[in-house]
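**Student:** Here you go, one structure.
Throughout, read-outs are computed from the coordinates displayed, never taken from laboratory work. Nothing here was measured: the structure is a model prediction, and the numbers come from that model. Please note: Cβ atoms are built from the backbone with ideal geometry, for glycine as well, and neighbour counts cover all protein chains shown.
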Amino acid sequence: MSAKVFVITGPSGVGKGTLIKQLLERVPNLALSVSATTRDPRAGEVDGTDYHFLTEERFQERIAAKDFLEFATYSGNHYGTLNSELDRCLESGRSVVLEIEVQGATQVRAARPDSVQIFIAPPDESVLRERLVGRGTDSAEAIDRRLKTAEQELAQQDDFNHRIVNDDLSRAADELESIVREATNS
Ligand code: 5GP
């Protein structure tokens, strides 16, 4: 198996997290990169496991120190992938999965042209609102902001090597698994 960087993106509410969880259960030797963010932790989220939760000041310091492979502002908060996180995984011989939004994916494409870029698309846009409302983690205002961003993200889906429509979880998980296995010869 050769170590690769997989970028998995798609609009908020499309089910990226659930698909990635299944992927990690199905394919060995994959590591999920833990991103840094300035957003507040949601109930149950653990610092260092779900995200590295940073203050605005600390995030800016790490930008200045060039610690990020990529970073972006999304719905009023900053998110970024630390180079150290990527190196830690790759040095252990594992492939790395980045779950990031589209601006960050574009930066990774430029920095690492050998990364495998996968866009997860909804069967139709109404599903996104239903999922975000059902998840219950965001205010009505935050959901509206996320849906507006989703429109811009969907407009860029053709820039990705692979596109998976998440109309059926188990079928979409099969598709994701085969893309990853093919790229890593595993
Ligand atoms: P959430 O607030 O729902 O956890 O994440 C919001 C968006 O930020 C999601 O689309 C998620 O994939 C994206 N995101 C999470 N971590 C990163 C990161 O390190 N970089 C970028 N560019 N986006 C990220």
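**Student:** Only Lys, Arg, Asp and Glu count, each charged at its Cβ (+1, +1, -1, -1), so figure out the dipole size of the range 1-93 about its Cα centre, rounded to 20 debye.
**Tutor:** 360 debye
**Student:** Got the relative contact order for the chain handy, in percent, Cα pairs under 8 Å and 6 or more residues apart?
**Tutor:** With pairs under 8 Å counted, the relative contact order is 36 percent.
**Student:** For the range 5-181, with only Lys/Arg (+1) and Asp/Glu (-1) charged at the beta-carbon, what is the dipole magnitude about the Cα centre, in debye rounded to 20?
**Tutor:** Charge dipole of the range 5-181: 220 debye, to the nearest 20.
**Student:** Along the positive direction of the dipole of the chain (beta-carbon charges: Lys, Arg +1; Asp, Glu -1; about the Cα centre), which of Ala72, Ser35, Phe119 reaches farthest?
**Tutor:** Checking the options against the dipole of the chain, the answer is Ser35.
**Student:** Given C-alpha coordinates of the chain, what is the ratio Rg to Rh with the Kirkwood estimate of Rh?
**Tutor:** My calculation of the ratio gives 0.94.
**Student:** Taking each pair of distinct Cα atoms in the range 63-120 once, what is the resulting Kirkwood hydrodynamic radius in Å?
**Tutor:** On the way: mean 1/r = 0.0824 Å⁻¹.
Result for the range 63-120, one decimal place: 12.1 Å.
**Student:** Right, here's the next one. Are there any helices in the chain, counted as whole DSSP H runs, that stretch 27 Å or more along their axis by Cα and score at least -0.5 on average by Kyte-Doolittle, and if so which? Walk me through the intermediate numbers first.
**Tutor:** On the way: long enough: none.
Span-like helices here: none at all.
**Student:** Counting other beta carbons within 10 Å of each residue's own, what order do Leu24, Leu19, Leu82 fall into, fewest first?
**Tutor:** On the way: Leu24 13, Leu19 23, Leu82 20.
Lowest to highest Cβ neighbour count: Leu24, Leu82, Leu19.
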